[in-house]
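The values are calculated or read from the model by the stated rules, or taken from the named source; none is laboratory data. The shown structure was predicted, so the numbers you read here are calculated from the model rather than taken from an experiment. A quick note on method: Cβ atoms are made from the backbone with ideal geometry, for glycine too, and the neighbour counts reach across all protein chains shown.
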Amino acid sequence: MFSEKMMKCGAHKAEITPKPEFGDIYIAGYATMEAPLVDGVHDPIHARTLVLSDGNERVVLVSVEVVGLLQDEINKIKDDLEGLGFKRSRIFVLATHTHAGPDTMGMWGPFIGKSGVNLRYMLFLRQQVVASVTQALKDMKPVDVSYGEKKISNLIQNFRPVKNVEDTLQLIQFKYEENIIGCIWTFPAQPEITNRENVQISGDYPGIICNIIEEKNGGVSLFGLGLCGSQSPIYVEQGYEKLELMVNEVYKGFEEAQRISERVEADQLEIRTRKIDLQLENADFALLQTLSIFNLPEVKEGIIGSSVSKIRIGNLHLITIPGEPFPGLINPLLKKYANEKFVILSHVNDSCGYFIPRNEWNLAPVEFLKPEKKEEFVGHENESMGLKASETVQEAVRDILKYQKVMAVSPHADDISIFSGGLLAKFAEEGNKVICVRVTDDYGDCVGLKPEKAIKRNRNEAEKAYKALGAEEVIHLDHPSDTLYTVDYEVLREQFVRLIRTHKPDVIVTFDVAPLYEENPDHIITARAVNDACWQASFDTYYTEHFNDGLEIHTVGERYLFSETLNPQVVNSHLDITEYIEKKINAVSQHQTVMKNWFHQRKLLARANQLRVDLLEEEIPDPIRVNILVRFYYSEIGASFGVKYGEIFRKLDAGFLNDLGNPI
Ligand SMILES: [Zn+2]
């Protein structure tokens, strides 16, 4: 057997230097408002693209040499790239944060209250990004991936009293045979060596180095601002002469990282995304939004929607974060994963200011203060959405680092698709591993079929349904349906404890133990035994024979228990499933045999009540019935908490310990 290389890469770059015919372009980066007009080009700026594919997942990274891009612009780019077949959650647009590019955010206009954004330029920028991605897609080559890093001391300073400077250059390179297709490298120093008087377009040190790399190595070189926060180069604002010094020294570091780089075993891309709601506490930012200088589409009641993601290539993890996280916000989270390599990309999909950890918040950068002049430097906190948003970002990164295993237990084929299809689709799409356990064989859930045939069909249809939700593994326990109460409880519970100790799920999804209006004994018994097993699996005194088989105790952290009709008064978890509704409908539609019987039974019930229900009586195909009913039912649930489609659960986690403990 020969192993075929799965990872493919395409790359391209397109120039985005403003053209004279666009009219006035304001230079962005330093003194906000009353910014000077661009006059000349020191070095041309670009949008650079890498497309990565493993045959299953496809990701696009675009590094754009501008000061920042806000969500409204990112959304337009995503709209266009969707047309090229990319999923929105797989599109990552980075700003390099050069302080010598055109105003792309609105904060550098001619006078206070007037945006400096040139709309003709923005359209051009977007077209060039799309052109660059289109070209990159045309020539995807199988690649080897390598990683190298080099600490470059004495080039970075941190004006904040916290002195732990982050100073490592990181490089990921993609090579087809002997040719470099592209690379992405990071260095955690603000591109701000051009000074405040500068009116020439420049990519600053990253842009110039990217040009050198491309000239010497071939391929396309993307720069990403690493875990930089407010760290400055030692030549901050000293102009083009010093820029050259910085370029030489950082490039030496790049060459060294490249020389010592090692191959990464990488045949698969794994992507996880956490959507986050960032609270806008900063009144200045809110004012910019009110003045329409910022035009953030997702701001609702002071909340800005955003996301952090992890792109995993072997043991390499690229973490994408909006804005500019401080090293102290993220580094402590990475420490416990000693065998993994993390590459942080900031300014991704939104340039929404600094994210500062609580223990560094409000520290006055004393170096800037001149007490004799009674100066008050208010620091980077003024360019941050606020402490709450910082902590939300930190939580999301913490969360995204660890993969979760989700085990859903369904007494009958259709239960988990119906009650938790949206939740499971969401878990799967966020990169978690979903395992579905089906307890019974559904031999009787059919109309006019022999049991053997019903068992076979329901099993196949369950597999299809769970796969449609994104499940990686399906386990059938094959107890005869609707007679679970005849199975020895001890036998059943041991089966669940064994499953939990074998697969070590972080999350269990199943029926509730207190189903007020539940009539189905299989549901009640499964709920009882599974929830019981969650408790028993973590005792080293129970089912000790498991330990002889190499199993260990395991504690399930969270449980999502179905509540929708069964126990509405205990609902404490409301999930917006609007974007997963199609997947849910698709999954439920797969249970053809079960649904046929369900509709048949409902028709009999209607008749027994002297009712005629057109949806059941007429020759309407089952998939359409499923579509109508699932939409109807889950829109009613969604409406109860203000979303289009919703699912509800009783969620159990650490409970009162949440108030006593601190996150680790
Ligand atoms: Zn059921």
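Quick notes
- Per-region count, the range 533-567, residues within 16 Å of the ligand (Cβ to nearest atom) and of a type outside the set (Phe, Trp, Tyr): 6
- Considering the conditions (1) surrounded by fewer than 21 Cβ atoms within 10 Å (Cβ to Cβ); (2) of a type outside the set (A, V, I, L, M); (3) within 16 Å of the ligand (Cβ to nearest atom); (4) part of a helix (DSSP H, G or I), residue 398 is excluded by exactly one of them, (3).
- Taking residues in the range 414-425 that are under 16 Å from residue 474 (Cα atoms) and in a helix (DSSP H, G or I), and partners anywhere that are of a type in the set (Ser, Thr, Tyr) and within 9 Å of the ligand (Cβ to nearest atom), the pairs with Cβ atoms closer than 6 Å and at least 6 places apart or on different chains are 416/410.
- Close contacts from the range 84-97, counting a first residue that is among the basic types (Lys, Arg) and a second that is assigned to a loop (DSSP other than H, G, I, E, B), with Cβ to Cβ under 8 Å and a gap of 6+ residues or different chains, come to 90/57.
- Criterion (closer than 25 Å to residue 210 by Cβ and over 21 Å from the mean Cα position of the chain (by Cα)) met by exactly one of 68, 29, 23: 29
- Wholly within the range 593-664, helices (runs of 4 or more DSSP H) carrying at least 3 residues that are within 22 Å of residue 577 (Cβ to Cβ) and at pLDDT 95 or above: 622-639
- Counting the residues of the range 482-512 that are more than 21 Å from residue 435 (Cβ to Cβ) and either within 16 Å of the ligand (Cβ to nearest atom) or under 31 Å from the mean Cα position of the chain (by Cα) (or both) gives 4.
- Strands (runs of 3 or more DSSP E) lying entirely in the range 427-541 (those with 3 or more residues that are at pLDDT 95 or above and closer than 30 Å to residue 569 by Cβ): 433-440, 507-511
- Restricting the range 514-523 to residues that are surrounded by fewer than 19 Cβ atoms within 10 Å (Cβ to Cβ) and under 24 Å from residue 486 (Cβ atoms), the residue that is nearest to the ligand (Cβ to nearest atom): 520
- The single condition among (1) within 16 Å of the ligand (Cβ to nearest atom); (2) out of contact with any strand residue (DSSP E or B) (no Cβ under 6 Å at 6 or more places or on another chain); (3) touching a residue at least 12 places away in the same chain (Cβ under 8 Å) that residue 530 does not satisfy is (2).
- Residue in the range 413-425 that is within 16 Å of the ligand (Cβ to nearest atom), of a type in the set (Phe, Trp, Tyr) and within 20 Å of residue 471 (Cα to Cα) present: yes
- Only residues that are touching a residue at least 24 places away in the same chain (Cβ under 8 Å) and at positive phi were counted across the range 152-181, and they come to 1.
- Residue list for the range 145-156, filter: surrounded by 17 or more Cβ atoms within 10 Å (Cβ to Cβ) and either outside the structural domain of residue 12 (by TED's automatic domain parsing) or not hydrophobic (A, V, I, L, M, F, W, C) (or both): 146, 147, 148, 149, 150
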